[in-house]
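Right, I'll just put the structure down here and ask away after.
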Amino acid sequence: MSSAEIASILERHNRGYGGLIAILEEIQAQYGYLPQNVLQDVAEQTGRSLVDVYGVATFYRAFSLKPRGRHLISCCLGTACHVRGGPGIAEEISRQLGIQPGSNTDDMEFTFETVNCLGACALGPVVVVDGRYFPKVKPSAVKDIIEQAREGIGRIQIESDARVFPVEVSCARCNHSLMDQRHVIDGYPPIRVTVAFNNTHGRLLLSSLYGSYSVDSEFDIPPNTVVNMFCPHCHAELIGAANCGECGAPMVPMIVRGGGMVQICSRKGCKGHILDLGGSALS
Amino acid sequence: MISLTINGLPVTVDKGTTILEAAKFLGFPIPTLCHMDGLEPYGACRLCVVEIGEGNSARLVTSCTYRAEEGLKVRTASNRVLRARRMIIELLLGTCPQSKVIQDLASAHGVKRQRFKQEHEDCILCGLCVRMCKEQMAAKAIGFQGRGENRRIGTPFDIKSEVCRLCGGCIYVCPACQLRCTYNDPDKAVCGGCANLTPPCVEKEKFDDMMCYMSPCVACEIRKE
Ligand code: FES
Ligand code: FES
């Protein structure tokens, strides 16, 4: 970052004494961290001493003086998350990534840090990946979260992808809508079904964005489990004839409002799906 | 002008005077650690606590930062103040048991035990050096960094500062740099040597050699063989 660029950032914050945090935030947004020479420049150009700038930069957790990886994983160790098992989650993330909190992976893919309360204590233990909150995380879900992070999450990405759009579906048997208006996933009401696997059954919310794999499950579904899905209204099993082209597990059909049918693979973690808007699958 | 009473004695001071200064004017001693004439009050060590107000609304404040108010009733040595002060010293002792300044405070205030884990920190974060560097030396070479348990004092990026002139002012004011005499038991939490005025060398069998260079010693009259 050149001195001129810094000068333009400072110009926008009218060089006032009160704007230091805003200035540093802007620099961090552009750079991902606060490089040493930039801090020196800021001190020089604002007429502040370097100790003051450095003091502010080290005081706030949001600022980083070291380069950060592409994905930022923060695990909450606040009081509420702590008693609900936050330390175990942090340990698991450390183990999976092979790094200690506060450091980057060697390939600069991930930065892992622990934070003290994210203000979502009721959802604890909370893990935030690139700005997305994962509530009630269990150690077994960590692997999945890291996988998702690797593939890239974040609503901005989803919305800018033209192939992603919300669908509204209903049960193929009773034709009740499966949309759950009381919850939100990816910014839209999700699809609600009942799942059963290994003697447990409970609620599963699937993102209604076609192409998004965000889910919210009452129980933790181990990766690779093939689950049975049921309509929460008529309790009929949502099952069709097709098998997943990717992994061979049975596909789960649902009727798309406006005509057509969507089928999703019933294996946790498999991304196989078929969208048939022609409606031929119905007849 | 503002009139207040300190330990029952009325005193009138200029606006903006701190309780500490007013008490000093009357001659009431208040121990301080992070206060130094010529430096901005900072209120870090809490040692200068006094009690203000009455009844249920009485509370402890740091006299070095609290400005005198009209009609304020201050007590500099109530039971509550003394208890709080001893606790503060005890906590400081836990942080920095090797400091002579703090051990002297402990002796002077009758702190005979220390119930906390001994940390042997290098710094009690009183900020004297930071203020010295900034206000008297006009250098701003060192400052606070980090937060919470990671808070510490240092130069930016922990590299040699370009603005430091190596004046040594920071070391001069540091209460933690001056080491206590370790007696024969460096880990002892409260040395208390100065409190009972027994020179440590009296228990001669615990020393390989006498510590003092006076022979015979004026205190114990033991002569070096
Ligand atoms: S304790 Fe984790 S969000 Fe508050
Ligand atoms: S002297 Fe007042 S707080 Fe340290």
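Over all Cα pairs of the range B:1-95, how is the pair count split among 10 Å bins, expressed in % and running from 0 up to the last occupied bin?
17, 51, 28, 4, 0
Can you give the local net charge around B:Leu166? Use residues other than it whose beta-carbon is closer than 15 angstrom to its beta-carbon, Lys and Arg +1, Asp and Glu -1.
Details: positive: B:Lys140, B:Lys160, B:Arg165; negative: B:Glu162.
Summing Lys and Arg as +1 and Asp and Glu as -1 gives +2.
Hey, another quick one. List the aspartates and glutamates whose alpha-carbon lies under 15 Å from that of A:Lys271, not counting same-chain residues fewer than 8 positions away?
Correct list for A:Lys271: A:Asp144, A:Glu147, A:Glu151, A:Glu246.
Of all the C-alpha pairs in chain A, what % are more than 31 Å from each other?
Numbers: 16746 of 39903 pairs.
When all Cα pairs of chain A are counted, 42 percent exceed 31 Å.
To continue, here is another question. Of the beta bridges DSSP finds with both residues in the protein assembly as shown, what % are antiparallel, to the nearest 5? Present the calculation step by step, with values, prior to reporting the outcome.
Values: 56 of 64 bridges.
That works out to approximately 90 percent antiparallel.
Let me confirm one metric for peptide A:51-61, namely the mean number of other chain beta-carbon atoms within 10 Å of its residues' beta-carbons.
On the way: counts 16, 5, 2, 8, 9, 2, 2, 11, 7, 1, 2.
Average neighbour count from other chains, rounded to a whole number: 6.
Compute the distance from the alpha-carbon center of the range A:78-129 to that of the range A:178-204, in whole Å.
When both Cα centres are located, 26 Å separates them.
Return the percentage of antiparallel bridges among DSSP beta bridges fully within the range A:22-139, rounded to the nearest 5 %.
Values: 8 of 14 bridges.
Taking every DSSP beta bridge within the range A:22-139, about 55 percent pair in antiparallel fashion.
Buried by at least 50 Å² relative to the chain on its own: which residues of the range B:136-152 qualify, computing accessible area with a 1.4 Å probe on protein heavy atoms?
B:Lys140, B:Arg147
Okay, moving on. Too long at a 24 Å Cα-Cα cut-off: which of B:Lys15/B:Lys73; B:Lys24/B:Lys117; A:Lys66/A:Lys143? Working shown, then result.
Working: B:Lys15/B:Lys73 16 Å; B:Lys24/B:Lys117 34 Å; A:Lys66/A:Lys143 26 Å.
Beyond 24 Å between Cα atoms: B:Lys24/B:Lys117; A:Lys66/A:Lys143.
Rolling a 1.4 angstrom probe over the protein heavy atoms, how many square angstrom per residue are accessible across the protein assembly as shown?
Values: 27300 Å² over 508 residues.
Dividing the accessible area of the protein assembly as shown by its residue count gives 54 Å².
Right, something else. What translational D, rounded to a whole number of µm²/s, comes out for the range A:165-282 from Stokes-Einstein when the hydrodynamic radius is the Kirkwood one over Cα pairs, at 10 °C and 1.306 mPa s? Provide the component values of the computation, followed by the final result.
Details: Rh = 14.0 Å.
For the chosen part, D equals 113 µm²/s.
Here's another thing I want to ask about it. Tell me which of A:Ser208, B:His35, B:Ala58 sits at the most positive position along the dipole axis of the protein assembly as shown, charges placed on C-beta atoms (Lys, Arg +1; Asp, Glu -1).
Farthest along the dipole direction, towards plus: B:Ala58.
Sum up the charges of everything whose Cβ sits under 10 Å from the Cβ of A:Gly124, counting Lys and Arg as +1 and Asp and Glu as -1, but leave A:Gly124 out. Could the numbers behind the result be given before it?
Values: positive: A:Arg84, A:Lys136; negative: none.
Residues near A:Gly124 contribute +2 overall.
Can you give the local net charge around A:Cys244? Use residues other than it whose beta-carbon is closer than 11 angstrom to its beta-carbon, Lys and Arg +1, Asp and Glu -1. Before the final figure, lay out each step's value.
Numbers: positive: A:Arg267, A:Lys271; negative: A:Glu246.
Every neighbour counted, the sum reads +1.
So which lysines pass the test for B:Lys134, namely a Cα distance under 20 Å, with those fewer than 8 places away in the same chain ruled out?
B:Lys160
Using a ≥ b ≥ c from the Cα gyration tensor of the range A:1-132 (square roots of the eigenvalues), is it rounded, prolate or oblate, where a/c under 1.5 gives rounded and otherwise the larger of a/b and b/c decides, a/b for prolate?
Numbers: a/c = 2.79, a/b = 1.98, b/c = 1.41.
It comes out prolate by the Cα gyration axes.
In addition: Roughly what % antiparallel, to the nearest 5, for the DSSP beta bridges in the range A:71-151? Present the calculation step by step, with values, prior to reporting the outcome.
Values: 8 of 14 bridges.
Expressed as a percentage, antiparallel bridges in the range A:71-151 total about 55.
In nm², what is the average projected area of the convex hull enclosing the Cα atoms of the protein assembly as shown? Provide the component values of the computation, followed by the final result.
On the way: hull surface 149.8 nm².
Averaged projected area of the protein assembly as shown's Cα convex hull equals 37.4 nm².
Under the rule a/c < 1.5 gives rounded, and otherwise a/b versus b/c splits prolate from oblate, where does the range A:3-59 land using the Cα gyration tensor? It would help to have the intermediate numbers written out before the result.
Details: a/c = 1.30, a/b = 1.05, b/c = 1.23.
Cα axes put the range A:3-59 in the rounded bin.
Compute the convex hull volume of the Cα atoms of the range B:128-173, divide it by the residue count, and report the result per residue in Å³ as a whole number.
Working: hull volume 3.3 nm³, N = 46.
Roughly 71 Å³ of hull volume per residue.
Here's something else I'd like to know. Kindly write out, for the range A:24-31 in residue order, the coupling ³J(HN,Hα) from the Karplus curve 6.51 cos²θ - 1.76 cosθ + 1.60 (θ = phi - 60°), rounded to whole Hz, with x marking Gly and Pro.
Result, ordered by residue: 5, 4, 5, 5, 5, 4, 7, 9 Hz.
On the protein heavy atoms, probe 1.4 angstrom, tell me the percent of accessible surface of the range B:1-119 carried by carbon and sulfur. Walk me through the intermediate numbers first.
On the way: 3150 of 5990 Å².
Within the range B:1-119, the accessible surface is 53 percent carbon and sulfur.
For chain A, what does the helix formula give at 222 nm: sum of -39500 (n - 2.57) over DSSP H segments with n ≥ 4, over the residue count, nearest 500 deg cm²/dmol? Provide the component values of the computation, followed by the final result.
On the way: 8 runs with 76 residues, N = 283.
Estimated from H runs of four or more residues: -7500 deg cm²/dmol.
What's the total accessible area buried between chains A and B, using a 1.4 Å probe, rounded to the nearest 100 Å²? Don't jump to the answer; show the numbers that get you there.
Working: alone 14910 and 13470 Å², together 27300 Å².
That pair of chains buries around 1100 Å² in total.
Then there is this: Quick check: with the 1.4 Å probe, what order do B:Lys140, B:Lys160, B:Lys24 take by accessible area, largest first? Before the final figure, lay out each step's value.
Details: B:Lys140 70, B:Lys160 160, B:Lys24 120 Å².
I get B:Lys160, B:Lys24, B:Lys140, largest accessible area first.
Can I ask one more? Given a 1.4 Å probe and every protein chain left where it sits, what share in percent of the accessible area of chain A is carbon and sulfur? If you can, show how the numbers build up before the last one.
Numbers: 7380 of 14380 Å².
Carbon and sulfur together cover 51 percent of it.
Something else now. Over chain A, with a Gaussian network built from C-alpha contacts below 10 Å, which listed residue (A:Asn116, A:Asn104, A:Asn199) shows the highest mean-square fluctuation?
Of the options given, A:Asn199 has the highest mean-square fluctuation.
Protein chains only, probe 1.4 Å: how do A:Met179, A:Met108, B:Met1 rank by accessible area, largest first? Before the final figure, lay out the partial values.
Details: A:Met179 30, A:Met108 70, B:Met1 150 Å².
My answer, sorted largest first, is B:Met1, A:Met108, A:Met179.
Shifting gears a bit: Take the solvent-accessible surface of the protein heavy atoms, probe 1.4 Å, and return the percent of it on the range B:128-173 that carbon and sulfur atoms account for.
Ligands and nucleic acids excluded, carbon and sulfur reach 54 percent.
The values are calculated or read from the model by the stated rules, or taken from the named source; none is laboratory data. Small disclaimer: the values here were computed from a predicted structure and weren't measured. Ideal geometry is used to build each Cβ from the backbone, glycine not excepted, and the neighbour counts take in all protein chains shown. Heavy atoms of the whole protein, side chains included, go into the accessibility calculation; ligands, DNA and RNA do not. Shrake-Rupley method; radii C 1.70, N 1.55, O 1.52, S 1.80 Å.
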